[in-house]
Amino acid sequence: MTDSAPAPAPASTPPSVPLLSVPPTAAEIAAWTRLLGAVHAVDLPGVPAPSVVEVGGRLGVPSIRGRSVQWAIPGEDGEIDGAAALLLFTDEGNTHGAYLDVLAVRPSARRRGLGRALWERVRGELLAQGRTSVSSTVELGSSAQRFAEALGFENVLPMAWHVQEVPAGPVEEPQEVPGYRLVSWSGETPDAWAEAAAVAHGAMEDAPMGELDERAPVWTGERVRQAQRLIVDRGGVILSVAALTGTGEMAAYTELVLPDPADTRAVQYDTVVVPTHRGRGLGRLVKRQMVAQAVRRYPQVREIVTTVADENAPMLGINESLGYRRERGVGLFQLKL
């Protein structure tokens with residue numbers, strides 16, 4: 001429920017909730033994009049809505065983690081009045097769960113039971129597939145939160161979006177920490193570093209996850225590359241910065257993603273420091289280098305945003321030292337079926 005939905009309300013005639021075409025048509029992608037734009041304008045003013053490139057990529061290119069099911073309620077004017085997107089996990093250890101990526105209702109179509117109708121289709125699919133839990137990212141203080149809680153969802157991991165302003169001019173690259181060298185690349189991790197990247201990704205297992213009923217993935221070099229390839233296949237770009245030891249171990253890394261290469265707001269994905277290398281400033285180092293790289297490669301980017309769990313004090317401290325400010329609260333909500 002990354003987008004707002006109305007509070008439950010009865011409808012005299014339950015609306016039809018058809019599945020989206022597979023693959024979606026250009027008209028469906030455009031209408032879905034306009035729906036999310038209308039939702040953002042009302043519920044998240046000032047936060048850029050996803051572009052047609054991002055929407056088309058997410059709807060049309062399957063996740064490496066599972067199978068997507070998407071529904072859209074057509075409006076009388078040819079637009080989409082409501083939409084839902086569900087990811088059914090197929091990765092090892094998570095086939096009992098799912099992620100509700102979108103449940104959105106056009107502001108002008110709210111209070112007509114469309115949100116409830118969408119949820120019933122989602123719930124039916126979950127039960128039919130034998131799923132016992134579903135999670136979703138929900139904006140705190142929004143109608144989406146009220147709707148989710150009315151359905152029985154609970155906030156199992158309080159988080160927040162944090163934003164950093166990107167300088168318009170050149171940024172001096174940080175001085176390297178003795179014993180480490182900085183490397184960067186766009187797209188898939190080069191073969192020479194893929195296995196080292198897999199080990200570093202595995203260090204995310206100690207990241208705060210609250211009471212989320214989900215197992216961390218088992219990372220291999222190929223899985224790392226698949227995750228990066230997915231972003232590119234969906235029309236975006238991914239930039240990685242890592243700190244390597246003299247023996248080729250990846251001690252720390254961070255990732256920056258533009259779901260649409262024309263975006264002015266980039267999303268920082270993971271920032272990880274391997275436990276045996278913590279306390280040496282490597283997290284701050286790779287994030288500072290990331291900003292320098294972003295300014296040089298993507299001069300149109302004006303902001304970098306990232307989510308951090310409220311309980312992740314070390315990362316919050318690093319971000320604050322780099323000029324990040326808290327933008328808005330979100331939570332990872334979960335429902336046991």
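Of the listed requirements (1) surrounded by fewer than 16 Cβ atoms within 10 Å (Cβ to Cβ); (2) part of a strand (DSSP E or B), S184 misses just one: (1).
The set of residues in the stretch 261-318 being closer than 15 Å to S240 by Cβ, assigned to a strand (DSSP E or B) and among the hydrophobic types (A, V, I, L, M, F, W, C) consists of A266, V267, V272, V273, I304. Note on the stretch 38-62: residues that are crowded, with 17+ Cβ neighbours inside 10 Å, over 17 Å from the mean Cα position of the chain (by Cα) and not β-branched (V, I, T) total 2. Filtering the stretch 105-142 to residues that are among the aliphatic types (A, V, I, L, M), under 23 Å from M159 (Cβ atoms) and crowded, with 18+ Cβ neighbours inside 10 Å leaves V122, V134, V138. Residue by residue through the stretch 217-231, note down the ones that are surrounded by fewer than 16 Cβ atoms within 10 Å (Cβ to Cβ) and among the aliphatic types (A, V, I, L, M). Result: V218, single match.
Could you list, in sequence order, all residues of the stretch 88-117 that are in a loop (DSSP other than H, G, I, E, B) and in contact with a helix residue (DSSP H, G or I) (Cβ under 6 Å, 6 or more places away or on another chain)? Within the stretch 88-117, R106 is the sole residue that qualifies.
If the condition is being without any contact (Cβ under 8 Å) to a residue 24 or more places away in the chain and farther than 16 Å from S108 by Cβ, then the stretch 32-44 contributes only T33.
Among residues that are among the hydrophobic types (A, V, I, L, M, F, W, C), touching a residue at least 60 places away in the same chain (Cβ under 8 Å) and either under 16 Å from Y253 (Cβ atoms) or in the same structural domain as R265 (by TED's automatic domain parsing) (or both), L157 is not included.
Beta carbons closer than 8 Å, at least 6 apart along the sequence or on distinct chains, pair a first residue in the stretch 135-153 that is aromatic (F, W, Y) with a second that is surrounded by fewer than 22 Cβ atoms within 10 Å (Cβ to Cβ) and modelled with pLDDT of 95 or more for F153/L335. Go through the stretch 279-336 and give me each residue that's over 21 Å from the mean Cα position of the chain (by Cα) and of a type in the set (S, T, Y). Across the stretch 279-336, the qualifying residue is only S321. Quick check on my filter: what residues within the stretch 63-72 are buried (at least 16 other Cβ atoms within 10 Å of the Cβ) and without any contact (Cβ under 8 Å) to a residue 40 or more places away in the chain? Hits for the stretch 63-72 are G66, S68.
From the list E255, E249, the one residue that fits, being surrounded by fewer than 18 Cβ atoms within 10 Å (Cβ to Cβ), in the same structural domain as P314 (by TED's automatic domain parsing), charged (D, E, K, R) and modelled with pLDDT of 95 or more, is E249.
The values are calculated or read from the model by the stated rules, or taken from the named source; none is laboratory data. Computed from a predicted structure; not experimentally measured. Heads up, the Cβs are rebuilt from the backbone with ideal geometry, glycines too, and the neighbour counts pull from every protein chain shown.
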